[in-house]
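The values are calculated or read from the model by the stated rules, or taken from the named source; none is laboratory data. What you are looking at is a predicted structure, and each value in this text was computed from that prediction instead of being measured. Here the Cβ positions follow ideal geometry from the backbone for every residue, glycine too, while neighbour counts run over all protein chains shown. Note: accessible area is taken over every heavy atom of the protein model, side chains too, but ligands, DNA and RNA are not part of it. Shrake-Rupley method; radii C 1.70, N 1.55, O 1.52, S 1.80 Å.
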Amino acid sequence: MKLNESSFLLGEELDFEKVHMISNDKISVSLSEHSRVKIETSNKRLIELLNKGEDIYGLTTGVGALKGIKINTSHEDIQEGIILSHATGVGAPLPKGYIKAMMLIIANSLAKGFSGVSVSAVERLVDFLNYDIIPEVPSKGSVGSSGDLTLSSHIALAIIGRGHVYLNGKRMEALEALSEKNLHPLSLNYRDGLALINNTSYTTALASIVVYESRKLSMIADLAGALSTEAIGASTVAYDPAIHSLKPFKGQRIVSDNVRHLLRGSSLVNTSGIQDIYSVRCIPQVHGGIREALEYASHIVKIELNSVTDNPVFVKNEETNLVEVMTGGNFHGESVGIAMDALAIAISELANISDRRIAALLDDRFNNGLPAFLRATEKMRTGLMILQYTTASLVSENKVLAHPASVDSVPTSANTEDFVAMSSVSARKVVDILDNVKHVLAIELMVAAQAIDLRDNSKNGTNLGTGTKVVYDFVRQKVPMLKIDTYYKPYVDGLADDLYGLITRGGLEFIK
């Protein structure tokens, strides 16, 4: 889907495409008048409740295990203190796109008008997004409940003119960047500090981006699998619709249709019913099962993406018809954590089965007559042997990363927060897994293209299917047929970096 609108209105529904567009500077963000009124109404109600002497968590009380302590200092000091004390993240800084997605998610949640914040707080997030002021946010430190407090605090830190940011690619103090854009540090209103940090923005930002990219990788895996099917000279019987009608998983049907259509017109495959290796014969069942898990993860993350994850919230009591302050646990990331652990397992399988196809293509016992390790000439001592060493390493690492984080919980805040989600760890692991999978699939495409050239007698892919020919040509634009031992890494990295461009190629529009 391509967006026609030039700006996303905060408070409206977000989807993965919009997160992608905004985090990659394709469209701007603005605050609608409707959302502005809702924010102001909620903020006014907050002030009314405070004036009545009502205690409100994080404003007149301490936080976490200190909730029973009465706080009498000014609201500005309270909110600034919350931000400063919570900004304790560690690890390498997050890439820009993830941070922009975090700011977008926080702003969109606050714009729904249930948090009691000031309009200024939301407007400052809009400024950061549109001026491309990127707070320096560490990658580690959240337990996924109470939201991603630790890491979101680094965004709030920059908004009040503390910490560091990146502007035009240059790291500088936040105060300097604000001055350069004629902005002032945010003067914190009654709930601004806690509302800016009490959310699942880190987990949800990473989850939204990995779901978006996983959809692409699932399609690319079908393309790579089809090219390998052709390269190994396998049968197309396993992709017949009659077989898949007997096990009618949606994902399985989509994958079998994809592979069958990619191979249409090929003279390198056969139509007999021979029993090919599982990594070829069972592509629809394996890739399809991965798609089923991806659909589940997409469903969960889409809900979280459009939820209010703050605490407390200001919600209308249906009996009294008055807006009341309510404390709850919407900051808990359990649903997304479980979904990300499921996705980690699923996406790892894309690399696992790809590695097996690579190994088969390189093994002259299984590649149906091709030379061992696809050596094109006597000058090649090892051929493409060592590429599979790399994929073996990557899939082994993925198996460690796929261990679920959501089954763990380390209590915090003197056992007041006694069961946490660890959802941020679940999401962060998928980022690393995706990068490994991209490189494995890039290597499979390289190996399959080499095998095609050896099987096709250097006919430049003229015997390929109408779809796989497009895939082959894409690879050959970046990687030549390898006839001598050479430095393979630039080819692997270059293909992996451009991998997503494959699914936008003309002639592959039918791929789902």
If we ask which residues in region 474-495 are open to solvent by 70 Å² or more (accessible area, probe 1.4 Å) and touching a residue at least 40 places away in the same chain (Cβ under 8 Å), their number turns out to be 2
Checklist entry - In region 431-451, is there at least one residue being farther than 30 Å from ASN199 by Cα, open to solvent by 40 Å² or more (accessible area, probe 1.4 Å) and basic (Lys, Arg)? => result no
Screening GLY68, GLY91 for residues that are open to solvent by 30 Å² or more (accessible area, probe 1.4 Å), under 22 Å from SER413 (Cβ atoms) and within 23 Å of the chain's Cα centre (by Cα) leaves only GLY91
In this structure, is HIS332 farther than 21 Å from ALA224 by Cα and surrounded by fewer than 18 Cβ atoms within 10 Å (Cβ to Cβ)?
no
VAL37 meets each of (1) surrounded by 15 or more Cβ atoms within 10 Å (Cβ to Cβ); (2) under 34 Å from the mean Cα position of the chain (by Cα); (3) farther than 29 Å from GLU213 by Cβ with one exception, condition (1)
For region 140-171, the count of residues that are without any contact (Cβ under 8 Å) to a residue 40 or more places away in the chain, basic (Lys, Arg) and either within 22 Å of LEU110 (Cβ to Cβ) or open to solvent by less than 20 Å² (accessible area, probe 1.4 Å) (or both) equals 0
Within region 426-485, the residues that are more than 30 Å from the chain's Cα centre (by Cα) and aliphatic (A, V, I, L, M) are ALA451, ILE452, LEU454, LEU464, MET481, LEU482, ILE484
Condition check for VAL410: touching a Ser or Thr at 6+ places or on another chain (Cβ under 6 Å) and either in contact (Cβ under 8 Å) with a residue 60 or more places away in the chain or open to solvent by 60 Å² or more (accessible area, probe 1.4 Å) (or both): no
From the option list ASN182, ASN199, single residue qualifying as under 30 Å from HIS75 (Cα atoms), open to solvent by 40 Å² or more (accessible area, probe 1.4 Å) and not in a helix (DSSP H, G or I) is ASN182
Of the candidates SER42, SER28, SER6, the one satisfying the condition of being open to solvent by 30 Å² or more (accessible area, probe 1.4 Å), over 24 Å from VAL301 (Cβ atoms) and either touching an Asp or Glu at 6+ places or on another chain (Cβ under 7 Å) or small (Gly, Ala, Ser) (or both) is SER6
Residue pairs qualifying under the 6 Å Cβ cut-off, at least six apart or on distinct chains, with the first in region 415-439 being farther than 17 Å from ILE290 by Cα and the second being aromatic (Phe, Trp, Tyr), are SER424/TYR202
When (1) farther than 27 Å from LYS18 by Cβ; (2) under 15 Å from the mean Cα position of the chain (by Cα); (3) open to solvent by 10 Å² or more (accessible area, probe 1.4 Å) are applied to SER348, the one that fails is (3)
If we ask which residues in region 248-281 are under 30 Å from the mean Cα position of the chain (by Cα) and over 22 Å from LYS469 (Cα atoms), their number turns out to be 7
Every listed condition ((1) crowded, with 21+ Cβ neighbours inside 10 Å; (2) part of a helix (DSSP H, G or I); (3) over 22 Å from the mean Cα position of the chain (by Cα)) holds for SER109 save (3)
Expected single match for closer than 30 Å to SER74 by Cβ, modelled with pLDDT of 95 or more and open to solvent by less than 10 Å² (accessible area, probe 1.4 Å) among ALA205, ALA224, ALA174 is ALA174
Subset of region 353-400, residues open to solvent by 80 Å² or more (accessible area, probe 1.4 Å), in a loop (DSSP other than H, G, I, E, B), farther than 24 Å from ARG281 by Cβ and free of Cβ contacts under 8 Å to residues at least 40 places away in the same chain, comes to GLU378
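Here is a yes/no grid of residues against (1) out of contact with any Leu (no Cβ under 8 Å at 6 or more places or on another chain); (2) modelled with pLDDT under 95:
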{"residue": "ILE290", "(1), (2)": "no, no"}
{"residue": "ILE345", "(1), (2)": "yes, no"}
{"residue": "ASN368", "(1), (2)": "yes, yes"}
{"residue": "ALA372", "(1), (2)": "no, yes"}
{"residue": "ARG381", "(1), (2)": "yes, yes"}
{"residue": "SER393", "(1), (2)": "yes, no"}
Checked TYR190, TYR166 against criteria (of a type outside the set (Lys, Arg) and assigned to a loop (DSSP other than H, G, I, E, B)); the one match is TYR190
Check your understanding: Can you find even one residue in region 134-154 that is part of a strand (DSSP E or B) and more than 30 Å from VAL407 (Cα to Cα)?
Key -> yes
Discussion item. Quick check on THR462: is it in contact with a Lys or Arg (Cβ under 9 Å, 6 or more places away or on another chain) and open to solvent by 60 Å² or more (accessible area, probe 1.4 Å)?
Written reply: yes
Reported set for region 112-133 where residues are under 28 Å from GLY169 (Cβ atoms), more than 21 Å from the chain's Cα centre (by Cα) and not in a helix (DSSP H, G or I) is ILE133
- Message: On the basis of being in a loop (DSSP other than H, G, I, E, B), of a type in the set (A, V, I, L, M) and in contact with a Pro (Cβ under 9 Å, 6 or more places away or on another chain), does VAL420 make the cut?
- Response: yes
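The rows are residues; the columns are (1) under 20 Å from the mean Cα position of the chain (by Cα); (2) more than 22 Å from THR327 (Cα to Cα).
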site	(1), (2)
VAL143	yes, no
ILE155	yes, yes
HIS164	no, yes
GLU180	no, yes
LEU188	no, no
ARG191	no, no
